[in-house]
Each structure stands twice: as structure tokens, then as C-alpha cells.
């Protein structure tokens, strides 16, 4: 009997390699776990009973296009849509024999921080089903934590990989912008969207990253990694300089339990030999949110224009073209995409462009420079991933701004295009706390090294207490 | 109404389909006339997640065009999204260029009989064309009143250059002349077929009028999607007539979009779109800026052929403006150049190329210019039919002038004199008739000399000799 709650992808690969278990049996074990626990958690929007491939299974966030497998991005407007092509990341995974286990729940078009904006109902947190798993990639994060997949892919625009990983207590990487192809990923905000791995260990996370990273001729914004991915092994942090950005560690709204766990983890870094010092990102902290909430909706308003009912997806019945557009989009989109389309359309409008979108792009450059300056002194920065632990379902759904603040600490480095790794660093009120490690451009290997050493030192048990047997 | 008191102010926006093998942002093949919706893919159908990848050939062709228009080539060109909803625009935006086009300010030298006119080029940018909508059912074939519409996405994503001029054109005739010469420039660059009938060249025209000497501009009318040179000219004439009439009558002239109705020869206000035109341009985040390497730009510059306008100016001193224009616009000036290079006299070469070569219907490019130049040199001395035969054969493989030159007319008077005297001696009746005042009989005598010389005699010399002898 396989304990999918404990099995890492690395261990699973080893079992398959040694032929102790067949890929089909492994796949079946996860299907069994899904059958047992997913009715409560609702991590999956689509489960693949059958799959090709001689490797281990993987779950994919439902914004990742999969040939022949429904891909809805959590939206009614794509209900029943079946892509005719695979996203490049899927092609790469299939080439390595990975088997698609299913498509995981997401806030509609990845817009949200709790997965409650999914048109198909929310996902629940495996640590406490009355609470959210974070979002937008709550389905992938919860599936990995609940043993419903050994690992998964998510997508991150302003925190959609890191924040759910924090709230579910696993490892999630948002890679350097441009290192992973976006071809075939349902777009939210093109200049921010990045696909990345969600896993139970840092090594699994690093390995999965190595499978998907690298230039793709189909995505003009991609580049090759300047150096190969290194699977982390060491247990010390000697020679590394870790910066602690004051504003991201002392921001209003960070729960004391979160602060305490993160402070302890940073202290462990020092004990492991790292040089720890304070730094400051004042402009990033202050202007990150408003900047993000102009750029992301602006790009989204344009990216979501293709859902017009003409070629695929949902189409409302109407008397003429204009009415067909209006009703299709009114009935097909939920509140959050509508809100962002409106904001974004406004921000790009004649007469407002310079004050909003144009200004936000300038601020973005300032944020990038501020981070660059910090990385002249440090190899990585550390702060909480989420200001709070997992919150109850419904707690923020009526308060968009409160929901947006969930990503307060993840957004600045996303705007700067930098990699960020979440690792669990302890519990607060019985719920996982995430530590966010931010690296310079292409600094993933450093993040993996720190994450792995801390993972060993902290000994966090990633299996939710209520599921331990 | 006194149209002559007014001057027209005209600017053009010209769109040309580039002649690439594949589309602008995907690798679907471009094939005119392929069955509907068979040249499509997730990218040009805007499926979720599909991303554009620019066609480098199209970028090179646009740079080439920019260089031919004396434009500055951007060191860093940026693609931008132009957002609007229409069924033939699958992404809900067109990828175009806005603030940083590939080709910036330039100028076009437009040769006129009284010197050059310089037409300012605002920009030349690269974009993708929309798909084709066909309105079906209903009475009019237009979107209003149609039962349903069909979209053919084969054309969607065709690379398109848009050339925008300054409002520097001053008459319908000048605008059409500019458009023709621009078209020829584009075609000769090998970047587009630029055929208006096929829709691979389209022009939007902006027209306003102002009193002669007046500064500034009055409201302009935009006439969209003109698809023949004739209609461009007529539409501009109509716009000028209607605007002058309105201004003189003190009626308001509003800036708007108009359609030209060829049946009534009038412009009518274009049915406006439901939505206002705010395209919400912003830099296309799916693409990185285009930074053409200096070496590429220089290579393309070196490849530029001599422009039609430059050729007109070069040829003009030798043959005159009209002949230069005709030679160049018919594309026959290359043969002219080759003939002149082979030693032909300029005007003789120009006339021969425009008249006899054109009439013979032969391919000017296939003509052996060296041999034809010899024929032209002997043209005065060759019997007319021999000369025409030589021209008609000049594009044949292995054409040689020699056999034709052997039939050179005998124009040497001393050689012809004995024959003339013999003919006069043999035709005393006709001589008497001539001397009696009926000079028409001279033709008969000439014919007799020609017969005796088997057509080789130069008729003009024979004519002169006969008159001299008869007068004596």
C-alpha cells in the first residue's frame, strides 16, 4: 500500500525505476486517494482515469492547456472547451514520461487568492476544510498537501503559486520571468504570468523546475537558463548573505504567529552559517500593490477579449452580434474577471493611459531597480509569503481589497520578474506558515539551496495533522 | 462655386500585404484562394494560451520599405495591441505598432513636370491583417440587414505594412500619381504584389480643403478602403466638390468617415460603429522589442534597387519628362537603359521602346539590347517592314542584327542614279503626265525604282532623285 500523503516525487520515481511499482499502479493509487478525499476538498476540476507515460503522475492547474483534456481556467466561459494543442510545459512533461493525473481548481482566470472565485466551487484547505487553500492555485497546492498528487504545476501572476503553497504547507516556486514558457497557458497578465512547480520537498520542486525551464521558440519572451538547475544537497548556508527587507517583515496586517515563525526560520539561517542583515524596499512595499492592480487588470482586459463566443467556449443566444458579445461575456465571466476587465479597460483608456498604465510601468522599473540594489548586498531576501495563515471560506469574498492584501508580500518581486520560493516554516494556530525566499534573476539554485537546508533543519511535517494516521 | 479658389489637402494611409510565405505571427501558409478556414492554427484563431512569434522576413521587408522611403529605422521597435471587438479579429486586439514603429519619418520624392514635390512620410509600420467577414443572406450583402455572417480566418494574420503620409498632396491627380509611384516602389522591392483588385493594396484617404493662402487645416473627411486608383481619384474629386460647396454655402463640415458611392459619384457619411474609437493601445507584452542589428539594416540598404522616382529624374534630361515617366511606369526603362548602354541614341531608344517594342508585345527583359541597338542605329536606312521585323524578333533566342542590316536601304545617290534614269527612260508616258502637272504619278515611279532594287532603295532618296531628274 502506497502512502500518497508521504510519498515524494523523488521516492515515487525511484519505486518506478526499481520496478517495485508500475506507472499505472502509481497512477491508480492517486486516483484512489482522489476518490477518498477529493469529494471534501474539491482540488480537481477534471480527473484523468487513464494516462500515457512511463513516469510518475502530475496534476496541472486548469489554466494549463492540455490537448484532448478539458481546460476551463475555472471559468464558465470555457466550460466544455477542449484544447487542440498541449502547452509547451505539458509537451515537455510528456516527453519525460509524466502522466497527467488531472486538472486542478483555480480562481477564475487565476484571479484571486482563495480559489473561491472558481466558477466550479471552492477548494478547501487539507489542514482545515473550513478554510481556504489560498489562490489562485489552491487546487494544485491542496492536492499536493492532501496526497492527491505527488507534485503539480501552478501559475503565478502576483502570488498564485507561492501564497497557496504557504497556506497549504508545501513548496512552491515562482520562477524568474522568462525561464518557463507561457505557450498554451490561459493568459491573465502576460508580463507577469509564470508557470512553476508545487511539490512536497525542495528537491522535487527543483527537479520539476528543471523539466519545464528553458527557451521555447513559441514564446518570444523566454530565455535559456544561464546555468543548469542544481538539485540541492547540502545542509549548511555558509557563505550566503540573506537580507531581511524591513517593510516586508513588519508590514501592517502580518499576524504575530506568522512573524514569529518566519523570524525563527531566519534565525535558523544564521545558525546554519548564513550572514543575515536587514535591508529596505520602501518603494516596492508602498507602491507594489497599486502598481500591480493597474498592470495586471490592464493586460487582463485585453487578454480576456478573445472570449467573445465566436469561435469556442460559451456563447449566449442573442439577436445580433453586439448583444451576443455582451450577453456571452456577462453570463460567462464571474464578478472578479469583470471587475478587473473594467478596471483595466479604464486604465488603458485615452486620457487615462499616462496617469495609470504608463505611470505603473515607470513604478515597475523603480521596483525592479530597488530589488537590484538589494541584491548587490544579498544573495536572497527572506520574508513571510502571506501575512496570515489560511482564512475561513467566505471571510474575504465580500471585500475585494482585503482579498487583494493576501498578496501584499508576494507582489513586489513578481513585478520585478524575480524568482520566489515558498517553504513551510512552522505552524501558527495549527495552520502552516510560509517563508518566502526571493532571489535575483536566475537565482533559483540559491533559493533551492537555502530552502533545502532549512527544510532539513526545521523538520516541518507537511502532512496535515488531521490526515496523519 | 469656384473650386480654383480652394486647394485640397490630402494625406494617405496605404496598406500593403507583404509577400511572405507564412503569416505574421504564426507559421500558417499564406495562399490566396485556399478553401475557407484551412490555413489556421491556435495562434491565428486566438485559442487560449496561444502566443505570437514574429515573422522575421516581414520585419526585414518592412525595414526595406522604410529605407526606400528614406525613413529612419528604429533601433528598438515595439509591437502594440490595438483593442476592439469584431468577429474577424479573433484575439479582440490587433497586433500593430504605435509609439515605436519600425520605420519613422521619411519622405517620398514625387517627380512633377515642374520639379519634385516632396511628400512627407509619417511612418511605416508592421501589423497583422484581420480575417475576412462575409455577410450572407439579406438584400444588401452588407452587415446591416444580413441574415448571418461568416468569417474566413485564412487571411487573418497576413503581414501588412501601413504607410502614413503627411497631408502634403494637393490634388486628386497628384494623390493618384503618388499612389501609383508608391505602388511601383513597393512592387519593385519584391515585398508585395500590391494589387488593389485583389485587396493586397488598400488606401484610406484623408481630404480637406482650404482657401488658397490659408494657414492651418479645416476638418477632414476620411474615405476608407478604396480599392482602385480610379475610385481614389474620383472620391477625392467628389470630396473636394462637396466640401467647397459646403464651405461656400456656410454649411458646417464635420470631421468624419465617408463612403464613396461610384453610382452617384458622391460621398456619404459612413455608418458609424457602435463603439467609439478608443483602441486602448499598449505595448504587446507577449513580444519583446524588435532591435534590428545595424548590419542587417546596412545589408538591406545595399540591396535596394534604384527607385522609380530616381529613375525618372535620371532619364528625364535625355528624353523629357513625359517619356521618362512613361518608360519608368511601364517598367520598360530597364530596356531603355540597356539600349543606351549599348550605344543607342537616347531619344531613338526611348521611342523604340515605348512604341515598336511595346507594339510587338515582346518581353523587354528578353531583348538582346546589344543587337537591337545596332538595328536602332541603322533604323533610318532600313526599310520600315525590315525594321519592324527586326524589333519583333529582338527577344528571340539567338537574335542577331546582321541579317536585317544586310537589307539596309540603298541611300547612296550615285548608286541609285542609274536605276532612276533607267526607270524614267522606260516610262515616258508617266514622265509626260508628271510634267503635265499630275505629280501623283511620282509614287508609281518610286515604286518602279523600289521594284528594280528589290525594296532596298531608300524611298526618300529615290523621291529626291526623281524630282531632281524630272525638273532638269
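Computed from the coordinates by the stated procedures, all read-outs in this text should not be read as laboratory data. Because the structure is predicted, anything quoted here is derived from the model rather than measured. Here the Cβ positions follow ideal geometry from the backbone for every residue, glycine too, while neighbour counts run over all protein chains shown.
Mean residue ellipticity at 222 nm from the helices of chain A, using -39,500 (n - 2.57) per DSSP H segment of n ≥ 4 over the full residue count, to the nearest 500 deg cm²/dmol?
So the helix-based figure for chain A works out to -11500 deg cm²/dmol.
Can you give me the relative contact order of the range A:232-370 as a percent, contacts being Cα pairs under 8 Å and 6 or more apart?
Relative contact order for the range A:232-370 comes out at 27 percent.
Tell me, rounded to the nearest percent, the portion of alpha carbon pairs in the range A:1-131 spaced more than 24 Å apart.
Result for the distance tail: 32 percent.
Note down the nm distance, to one decimal, between modelled labels 7 Å out along Cα→Cβ at residue B:41 and at residue B:56.
1.6 nm
Would you compute the Debye intensity of chain B from its alpha-carbon atoms alone, equal scatterers and no solvent, and pass along log10 I(q)/I(0) at q = 0.12 Å⁻¹ to two decimals?
Per q value, in the given order, log10 I(q)/I(0) is -1.10.
Place a point 7 Å from Cα of residue B:417 in the direction of its Cβ. Which residues in the range B:431-466 have their backbone N less than 19 Å from it?
Counting only backbone N, you get B:449-450, B:453, B:457-466.
Measuring from label point to label point, each 7 Å out along Cα→Cβ, what is the residue A:456 to residue B:13 span in nm?
A separation of 6.4 nm, rounded to one decimal place.
Quick one: Debye curve from the C-alpha atoms of the range B:413-471, no solvent, what's log10 I(q)/I(0) at q = 0.12, 0.16 Å⁻¹?
Reported log10 I(q)/I(0), two decimals: -0.22, -0.40.
Using 0.36 nm per residue of separation minus the Cα-Cα distance, give me the extension gain between residue A:3 and residue A:82 in nm, one decimal.
Going from the current span to full extension adds 25.2 nm.
Using the Kirkwood formula over every pair of different C-alpha atoms, what hydrodynamic radius in Å results for the range A:359-446?
Evaluated on the range A:359-446, it is 14.4 Å.
Going by average Cβ neighbours within 10 Å, how do the peptides B:37-47, A:257-267 rank, with the highest at the top?
B:37-47, A:257-267
Given an 8 Å cut-off on Cα distances and at least 6 residues of separation, report the relative contact order of chain A as a percent.
Contact order relative to length: 18 percent.
Is it possible to state the helix-based mean residue ellipticity at 222 nm for chain B, with each DSSP H run of 4+ residues giving -39500 (n - 2.57), the sum divided by total residues, to the nearest 500 deg cm²/dmol? What is it?
Calculated mean residue ellipticity at 222 nm is -10500 deg cm²/dmol.
For the pair residue B:166/residue A:275, report the inter-label distance in nm, with labels modelled 7 Å from Cα in the Cβ direction.
About 6.1 nm, to one decimal.
Rounded to whole Å and sorted largest first, list the principal axis extents of the Cα atoms in chain A.
Extents along the principal axes: 69, 54, 43 Å.
May I ask you to compute the full-extension gain from residue B:460 to residue B:230, defined as 0.36 nm times their residue separation minus their alpha-carbon distance, rounded to one decimal in nm?
Using 0.36 nm per residue and subtracting the Cα-Cα distance, I get 78.2 nm.
What are the semi-axes of the equivalent ellipsoid for the range B:122-250, taken as the square roots of 5 times the Cα gyration tensor eigenvalues, largest first, in whole Å?
Ellipsoid semi-axes (Å, largest first): 30, 22, 13.
Using Cα pairs closer than 8 Å and at least 6 residues apart in sequence, work out the relative contact order for the range B:3-300, in percent.
With pairs under 8 Å counted, the relative contact order is 25 percent.
Using the Cα gyration tensor of the protein assembly as shown, with a ≥ b ≥ c the square roots of its eigenvalues, what is the shape: rounded (a/c below 1.5), prolate (a/b larger than b/c) or oblate (neither)?
Prolate, because a/c is 1.5 or more and a/b exceeds b/c.
How far, in nm, would the chain grow between residue B:132 and residue B:173 when pulled straight, counting 0.36 nm per residue and subtracting the alpha carbon separation?
Contour length minus the Cα-Cα distance gives 11.6 nm.
Calculate, for residue A:323 and residue B:288, the FRET efficiency according to 1/(1 + (r/R0)^6) with r their C-beta to C-beta distance and R0 30 Å; round to the nearest 0.05.
For residue A:323 and residue B:288, the calculated efficiency is 0.20.
Could you tell me the calculated FRET efficiency between residue A:40 and residue A:335, based on Cβ-Cβ distance and R0 = 41 angstrom, to the nearest 0.05?
0.95
Evaluate E = 1/(1 + (r/R0)^6) for residue B:304 and residue A:260, where r is the Cβ-Cβ distance and R0 equals 60 Å; express this FRET efficiency to the nearest 0.05.
Between residue B:304 and residue A:260 the formula returns 0.25.
How large are Rg and Dmax for the range B:43-160 when only the alpha carbon atoms are used, in Å?
Radius of gyration, then largest Cα-Cα span, for the range B:43-160: 18.4, 58 Å.
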